[in-house]
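Engineer: Handing you this structure, nothing more for now.
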Amino acid sequence: MATLVYLLEFIVGDIFDEYDVYREDLKIIEPDKKIQVEGLTAIQDILDFFEMDNPDIWISFTVVGLIMEEMGRIPQLGDDCKIEGLHFKVIESEKGRIKRVNIKQVLNQPIESIK
């Protein structure tokens with residue numbers, strides 16, 4: 001069943017309304033290569049952005065959880081690690097809590113600086 005909004009969007013293009021999700025937690029820095037996310041961003045959102053499959057081996061649901069799982073400790077400002085073709089770098093923290101992380105896809109490439 002088509003609604004009036006769907007018909008209008010079909011004619012004029014997308015209309016932002018209260019049912020649309022506005023993503024403030026994911027900022028594109030380099031299209032298809034590098035993003036900046038909040039620490040509590042869902043891993044699935046990252047995998048969807050980079051069009052990657054979930055390896056089903058992670059127990060974590062958030063970016064910070066995944067980094068902690070990989071490092072075996074609480075990440076600190078400036079820490080970085082490579083996980084399944086993605087390079088994660090902690091760029092902002094507050095009182096021991098990771099707030100922002102840069103993520104760059106590095107499939108089969110040496111890790112570059114992702115300031």
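Laboratory data are not the source of any read-out in this text; all were calculated from the coordinates shown. Since this is a predicted model, take the numbers as computed values, not measurements. Virtual Cβ from ideal backbone geometry, glycine too; neighbours counted across all protein chains shown.
Engineer: Give me the one-decimal nm value for the distance between modelled label points at Ser60 and Cys81, 7 Å along each residue's Cα-to-Cβ direction.
Structural biologist: 0.6 nm
Engineer: By average Cβ neighbour count within 10 Å, what is the ranking of 86-99, 66-79 from highest down?
Structural biologist: 86-99, 66-79
Engineer: Applying 1/(1 + (r/R0)^6) with R0 = 25 Å to the Cβ-Cβ distance of Asp45 and Met68, what FRET efficiency is obtained, to the nearest 0.05?
Structural biologist: After rounding, the FRET efficiency stands at 0.90.
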